[in-house]
Structure formats: structure tokens, C-alpha cells
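Below you'll find the structure, written out as C-alpha cells, and then a few comments.
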Ligand code: FES
Ligand SMILES: [Fe+2]
């Protein structure tokens with residue numbers, strides 16, 4: 001049901017009335033009320049640290065990714081001196097997007113409308129007919145692409161914010177960094193993005209994704225039971241009973257003041273690899289990998305986080321989610337990328353396996 005502006009719940013109460021975090025109860029209005037979405041557009045997305053890319057997508061000078069920060073299209077590019085920059089994907093002449101592909105390598109971004117060109121740092125470097133159309137009076141230094149003021153990385157993940165006064169990325173991540181490390185810092189080589197980005201258009205408010213990843217592992221024992229059952233049939237030692245046992249076991253739930261959250265099952269390493277071995281030959285290869293690297297990871301992160309890939313879902317508020325999932329290794333990162341609206345969000349995901357130590 002579409003709510004008209006006159007029906008907005010915000011006219012009769014506050015946001016606090018819609019979210020009772022002590023009881024874990026939220027009103028469905030937060031997923032549907034256009035007034036709430038308008039407030040998020042003004043107050044949340046311009047201020048939060050938003051995920052842009054994995055550094056391995058931007059290895060060489062000129063490598064770029066086009067994505068979104070809230071409703072704003074941005075280009076993320078590694079410039080000639082190695083800095084990763086973010087800039088609005090909007091020509092300063094009449095606002096056309098200057099980059100129309102998802103990723104690639106470029107020396108310049110040339111607007112398809114009148115041909116203004118911008119280099120990798122966003123500087124306006126060519127204006128057709130500068131002499132006759134502008135009598136050489138256009139100050140090209142004043143018309144570069146608008147930069148995203150702050151871009152920072154955490155162990156391979158690139159984030160940015162439009163808010164110059166935002167806390168540092170590390171402060172913003174807070175305790176969530178401890179959990180992120182069980183995916184990002186398992187081995188000395190860090191991680192890399194594998195393959196391309198798998199994109200879907202989701203017909204639903206962006207918070208459906210955010211809230212789900214932040215803490216619902218309850219669904220797994222039921223909703224995901226069919227896959228292990230298909231692998232193992234009614235074998236009492238097979239994947240299905242192991243999966244059901246592990247998904248019913250006690251885990252850890254974390255919710256941070258910044259809005260981040262995660263829920264996961266930190267199984268014994270034997271239970272983790274035992275479950276994998278009960279599935280397919282491919283999963284047995286992954287089990288061998290976890291067994292071979294477990295001591296190394298435990299030395300870096302401690303025993304609990306070495307067993308991270310045993311069914312963890314997580315949200316770095318507001319738009320970066322990931323799964324560390326024993327039945328679908330390697331870990332999957334995804335981000336709500338495309339300008340979320342009240343009822344539609346684009347999601348991109350890719351795999352981030354650990355890299356061998358350098
Ligand atoms: S709109 Fe880009 S050159 Fe005119
Ligand atoms: Fe799930």
C-alpha cells in the first residue's frame with residue numbers, strides 16, 4: 001500500500017516510536033513511509049560512510065568503478081599518483097553522466113554530450129571549441145568534477161562520505177572492525193574481489209536488506225534446509241543433519257551503537273570442516289583449505305574468529321553487508337548500491353577469498 005504524505009507516521013509521533021530496540025520490535029512503517037525515506041535521503045546517506053569498492057578492483061592507475069552513494073552516481077578511480085578518489089558522475093557543463101560503464105580503465109572521462117573531458121583526478125582537461133564558444137574565458141580549473149570529500153579504506157574495502165566532519169572510518173566502524181577482521185584479515189595477503197559483480201534489482205526498501213543481514217540467523221535452519229537435504233538425502237551423517245545441528249547451536253549476536261550488526265555461529269573448527277566434507281567434492285577442497293590454514297589464522301585472530309566462516313551474516317551500516325558462510329565459501333560481500341528509493345534498491349555482490357601471504 002502506498003502511503004500518501006498525509007498518512008505519514010512522522011506527523012503523529014517520532015522515529016523513536018517506530019523502533020523499540022530494547023524489545024527488538026520495529027514498525028513496518030519504516031519500510032514504507034515516504035517521509036521516512038525523505039529524511040534518510042537528507043540526513044543519513046549524505047553523512048554516513050558508504051561502501052564504494054574493493055581495492056582489488058582498482059589496482060592500476062586509471063582503474064575505475066561507477067557506483068552510487070545514496071541517490072548520487074559516483075566514479076571511484078585510482079589516479080596517477082595511486083590515490084583512490086571519488087567524484088560525482090555528473091558533467092559540470094549540463095550534468096550528464098560522464099562515465100556510462102560499470103568498470104574499466106580510463107585516462108580521461110569524456111562527456112558524450114558536448115565532449116568536455118576530465119582526467120583521473122577529475123580536473124577538466126579539454127573543452128571543445130574553447131576559443132570560439134567561450135572566447136578562451138572559461139576558467140577550466142573551476143569546473144572539475146565535484147570530488148567526494150573523504151575516501152578511506154579498511155583492509156581492502158573502500159568507503160566514502162560526503163560529510164567532511166564525519167568521524168574517521170575506523171571510529172565509525174567501532175567494534176564492528178573486530179568482526180570484519182574475521183573476513184578481511186585472515187591471512188597476510190588480505191583479500192581480493194573474485195570475478196565480476198553480480199547485480200540484482202530488489203523491489204523493496206533498502207532497510208529490508210540491512211535489517212536482515214544485521215541479525216536474522218533464525219531463518220537459516222528452516223529456509224536453507226533444502227540445499228543440504230538435496231546434497232545428502234536422508235543420510236544420518238550427511239549434510240542435512242549437520243547443517244541443522246550447526247544452525248540450531250548457540251552463536252554470537254552483536255549490535256553496535258553506529259547501527260552495525262552481525263549474528264553468527266562460531267563452531268568448533270572440526271564442526272565447520274566436518275559439515276563441509278559432508279557436502280560436495282568442491283566443499284571438501286574448501287575444508288582442506290580451512291584445516292591447512294586454521295592455525296595460521298588462529299595465531300592472527302584467535303581461535304574464535306578463525307572459525308568465522310561458519311554462518312555469519314553482517315551489516316556495516318547502512319549499506320555494506322557480508323556473509324561468511326560455510327556452505328557457500330568464499331565469503332560474499334554485497335552492497336546496496338543503486339540509489340535506494342522507498343521501494344527499490346540495487347544490490348551488487350562478489351566473493352572475497354583470502355589471498356595467500358605475500
Ligand atoms: S553536458 Fe557534458 S559536455 Fe555538455
Ligand atoms: Fe539466509
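Here are a few things to note about the model shown:
- Remark: residue 98 matches the filter, which requires a residue to be surrounded by 14 or more Cβ atoms within 10 Å (Cβ to Cβ), closer than 20 Å to residue 63 by Cα and near ligand 1 (Cβ under 8 Å from one of its atoms).
- Any hit, segment 265-285, residues being touching a residue at least 40 places away in the same chain (Cβ under 8 Å), more than 14 Å from ligand 2 (Cβ to nearest atom), within 15 Å of residue 180 (Cα to Cα) and outside any strand (DSSP E or B): yes
- Check on residue 189, surrounded by fewer than 16 Cβ atoms within 10 Å (Cβ to Cβ) and not in a helix (DSSP H, G or I): yes
- Verdict on residue 219 being closer than 19 Å to residue 287 by Cβ and within 14 Å of ligand 2 (Cβ to nearest atom): no
- Test: residue in segment 292-308 that is modelled with pLDDT under 80, within 25 Å of residue 156 (Cβ to Cβ) and more than 16 Å from ligand 1 (Cβ to nearest atom): yes
- Looking across segment 101-115, the residues that are in a loop (DSSP other than H, G, I, E, B) and more than 8 Å from ligand 1 (Cβ to nearest atom) come down to 101, 102, 106, 107.
- Members of segment 211-231 found to be assigned to a loop (DSSP other than H, G, I, E, B), in contact with a strand residue (DSSP E or B) (Cβ under 9 Å, 6 or more places away or on another chain) and surrounded by 14 or more Cβ atoms within 10 Å (Cβ to Cβ), listed by number: 217
- Only one of 118, 134 that is within 13 Å of ligand 1 (Cβ to nearest atom), within 18 Å of residue 84 (Cβ to Cβ) and at pLDDT 95 or above: 118
- Hey, residue 237 touching a helix residue (DSSP H, G or I) at 6+ places or on another chain (Cβ under 8 Å), assigned by TED's automatic domain parsing to the domain that holds residue 281 and either without any contact (Cβ under 8 Å) to a residue 24 or more places away in the chain or more than 15 Å from ligand 2 (Cβ to nearest atom) (or both) or not: no
- Residue count for segment 197-210, restricted to those that are in contact with a helix residue (DSSP H, G or I) (Cβ under 7 Å, 6 or more places away or on another chain) and either assigned by TED's automatic domain parsing to the domain that holds residue 65 or surrounded by 19 or more Cβ atoms within 10 Å (Cβ to Cβ) (or both): 2.
- Where residue 130 falls short, out of the listed (1) under 27 Å from the mean Cα position of the chain (by Cα); (2) surrounded by fewer than 17 Cβ atoms within 10 Å (Cβ to Cβ): (1)
- Of residues in segment 134-170 being assigned to a helix (DSSP H, G or I) and over 18 Å from the mean Cα position of the chain (by Cα), the one surrounded by the most Cβ atoms within 10 Å (Cβ to Cβ): 140
- Look at segment 218-233: where a residue is closer than 17 Å to residue 311 by Cα and a partner is within 11 Å of ligand 2 (Cβ to nearest atom) and assigned to a helix (DSSP H, G or I), sitting 6+ places away or on another chain with Cβ atoms under 6 Å, you get 220/247; 221/247.
Rundown of residues vs (1) within 16 Å of ligand 1 (Cβ to nearest atom); (2) outside any strand (DSSP E or B); (3) surrounded by fewer than 21 Cβ atoms within 10 Å (Cβ to Cβ), yes/no style:
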{"residue": "48", "(1), (2), (3)": "no, yes, no"}
{"residue": "73", "(1), (2), (3)": "yes, no, yes"}
{"residue": "80", "(1), (2), (3)": "no, yes, yes"}
{"residue": "91", "(1), (2), (3)": "yes, yes, no"}
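The values are calculated or read from the model by the stated rules, or taken from the named source; none is laboratory data. Computed from a predicted model, the values in this text were never measured in an experiment. Every residue, glycine among them, receives a Cβ derived from its backbone with ideal geometry; neighbour counts consider all protein chains shown.
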